[in-house]
Every structure is written in structure tokens, then in C-alpha cells.
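Below is one structure; the comments refer to it alone.
The values are calculated or read from the model by the stated rules, or taken from the named source; none is laboratory data. These numbers come from a predicted model, not from an experiment. Heads up, the Cβs are rebuilt from the backbone with ideal geometry, glycines too, and the neighbour counts pull from every protein chain shown. Surface areas here come from the heavy atoms of the whole protein model, side chains and all, with no ligands, DNA or RNA. Shrake-Rupley method; radii C 1.70, N 1.55, O 1.52, S 1.80 Å.
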Amino acid sequence: KVNITARDESTEVKFYTALYHSFMAPTNYAEVGGVYLGMDDVIHTLEPGREAAYSDMSIWDIHRTQASLLAWLQPSVMGDVLLSLVDMMVQGGDLPRWPIANVYASCMIGNHAYQILLDGLVKGFTDFNVSQVYGVMKLEAMTSRPHNGRDDLYNYLKYGYCIGGYKNSSVSKTLAYAYDDWAVSEFAQHVGVPEEAEYFLKRSKNYKNLWDEDHKLMCARTVNSSTFHCPLDPELNEWILESGDFTEGNAAQWRWFVPHDVPGLVQLFGGNELFASNLDTFMERSHHHPVNLLPNPYYW
């Protein structure tokens, strides 16, 4: 399926090794005969035609990378991944953000299973009940749920952003929730409820509520405050100490996380030229950072 021409054998080996590794997950949780333990702790059997009940998905890591690769190169696997996510939703009541075996692991932020399902939908995977999935997405976007990835939903709905200092990772959570709102909007359009699609699309712009024009960064805000609390050093990896307003990244990295509205982010920077200049600088520094003791503050 994939053939490359490399400049040397070493490069080719590295590429195909990485490609092989990308196919090692997720895990087929079903046993012989297609039986598996569901999110409801009940034994289920795969429907005819299904090959796997997949779990052990680090969704926060793979929703924009490995999941899309599977859709292109291993569509039969991707089809079962999508159906497995829907099965978990039906059995447990919520879409998972990081399923392990038959358990909702409350790991990371947001619920980017939405993007995996949406990616599958636009690529032609339509074997799941889209209206049912949208109903659960909408529920999770509007109310607190036992296994939802929006643990600061109350403040997000009230203020349009998660509160800095109230919970860790307020900036990252706001950006993640906005991204998820965009996915909900896309599903709403697909099932034919344009008013709801417009509502969630408007919410997906909430990332703008944390943009500090002076620093050109996404910065924390406190309750109903117009004051931004930007880090003194945007390259500082506060998350290593399990504190601060960013998840596994810093202000310099997270200011780019608006994958659903790049034109809107460009506008915040002041136009294409300023955006491209800042992005070039960021990328250039990522290549030349000299220290490997801690995570590269420019690595995305």
C-alpha cells in the first residue's frame, strides 16, 4: 500500500518501522468467537461481519494522526474502530476519551472521539447511527456527564472559557472544548439541524476569548475578568509540575491549537504575514533547541 524511494537504506528502514508501529494499536479486545466484555460489564458478541472490538485508544494523541492514517491504509480496521466507539457509547452512556479494555479512563482533556467519528463520516464510513451519535455529543456538550472529557463545562458555558486557577489546564481545556464544539456543529449539519449547527459553530469560536493581543498568546482568565494572565515565559513547561493552565505543552505551543478555524487564528495574529512569520520562527527554533533533558518547548 505504501512505497517510498529513500536516499539510503537507513532512512527507508526507519520509515517502514514507524509505519509498522503505527499499525500496532488499537487493541482487539474480543476473544475467540467475537465475545468481549462491554462498558456495561456485560458479555457481548460481535455482529456478523465485524472482525474486532477495539479498545486501548489514546484518543487525545491519535485523533489527528494515526486514526486518519488507519482510515486511508486500513479501512476495515477503521470501520471497526468507529463501531467500537459507538458500542462503548451505547453500553456506557458516553463516548470515551481514552478507553482501556472496558473502562472509561479519565485521561487527558476534551473528547476527541468526536473528531475520529467525524473524520470517518466524511471519508464515507456510514455504518453507524449518525443521529444517535449526534444526540450523545449534544448531551455531553450541554450537561455534565460521568465520563465526559469536559470537567469544567459549567464555567465554559457560563463565561465562554474555562476559569484560570479554578482547575489546571484552563487554556488547553478551552481550546479543546472549542474544537469539540466544531465537531458537534459538523454532525448537526449532517443530521439536518442547522440552527443547532450554528449554535455550536458559534461556541467553537470561544478560543478567541483567551487571545491576548499584546502577547499574541492564548492566556488564562479569571472569573468574568477582562484581564489576561499570561506566563512570564511562554516556553516554560509548567505541566511537568502538574500545575498551570496548559496540558502537556506551554503557551508558545498551545497558541496554534485552533485546527478547526485556521483563518480565524490568522486574523487574530493580524494577517497572513505576521502569522507565517511567527510560525516560521516557532518551527525554526524547534529544530535548534539544544537541550533534551526536558521536552522541547517548541515541539508540537
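Summarising the label geometry, the points placed 7 Å from Cα in the beta-carbon direction at Met283 and Leu157 lie 4.0 nm from one another. Just to confirm a number: summing +1 for Lys and Arg and -1 for Asp and Glu over residues other than Leu153 whose beta-carbon lies under 10 angstrom from that of Leu153, what do you get? That works out to +1. Peptides 107-116, 258-267 ordered by packing proxy, namely the average of other Cβ atoms within 10 Å per residue, highest first: 107-116, 258-267. Ordering Asp280, Asp180, Asp151, Asp56 by accessible surface, largest first, gives Asp280, Asp151, Asp56, Asp180; the 1.4 Å probe counts only protein heavy atoms, with every chain in place. Quick check on the range 103-233: take the gyration tensor over C-alpha atoms, sort the square-rooted eigenvalues as a ≥ b ≥ c, and tell me if it's rounded (a/c under 1.5), prolate or oblate. Taking the square roots of the gyration eigenvalues as a ≥ b ≥ c, the range 103-233 is prolate. Per residue, the chain reaches -13500 deg cm²/dmol at 222 nm when only DSSP H runs of four or more residues are counted, each adding -39500 (n - 2.57). Loop-resident chymotrypsin sites (Phe, Trp or Tyr not before Pro) (DSSP state other than H, G, I, E or B) in the range 144-250 with no more than 13 further Cβ atoms inside 10 Å of their Cβ: Tyr166. Whole-Hz Karplus values for the range 114-121 come out as 4, 5, 5, 5, 5, 4, x, 4 Hz, taken residue by residue from phi with 6.51 cos²θ - 1.76 cosθ + 1.60 and θ = phi - 60°; glycine and proline positions read x.
Once you sort the root eigenvalues of the Cα gyration tensor of the chain as a ≥ b ≥ c, which label holds: rounded (a/c under 1.5), prolate (a/b larger than b/c) or oblate (the other case)? Oblate, since a/c reaches 1.5 and b/c is not below a/b.
Applying a DSSP loop filter and a limit of 13 other Cβ atoms within 10 Å to the GluC sites (Glu not before Pro) in the range 131-218 leaves Glu213. Its residues counted as N, the range 73-155 yields a C-alpha radius of gyration over 2.2 N^0.38 Å of 1.06. Computed in the context of the full set of protein chains, the accessible area of the range 1-100 at 1.4 Å probe radius has 57% of its extent on carbon or sulfur. Residues in the range 70-114 average 29 Å² of solvent-accessible surface per residue, probe 1.4 Å, ligands and nucleic acids excluded. Rounded, prolate or oblate: which fits the range 8-67 when a ≥ b ≥ c are the square roots of the eigenvalues of the alpha-carbon gyration tensor, with rounded for a/c under 1.5 and prolate only if a/b beats b/c? Judged from the Cα gyration tensor, the range 8-67 comes out prolate (a/c at least 1.5, a/b above b/c). With a 1.4 Å probe and every protein chain kept in, tell me what percent of the accessible surface of the range 173-217 is carbon plus sulfur. Carbon and sulfur: 48 percent of the exposed surface of the range 173-217. Using R0 = 41 Å, the C-beta based FRET efficiency linking Asn129 and Asp8 works out to 0.25.
Taking amide hydrogens as placed 1.01 Å from N in the peptide plane, the amide H of Ala220 sits under 5 Å from those of His229, each at least 5 positions away in sequence or on another chain. Please go through the residue pairs Lys123/Lys208; Lys158/Lys205; Lys123/Lys158; Lys173/Lys202; Lys14/Lys123 and name each one whose alpha carbons sit more than 23 Å apart in this structure. From the list (Lys123/Lys208; Lys158/Lys205; Lys123/Lys158; Lys173/Lys202; Lys14/Lys123), the Cα-Cα distance tops 23 Å for Lys123/Lys208; Lys123/Lys158; Lys14/Lys123.
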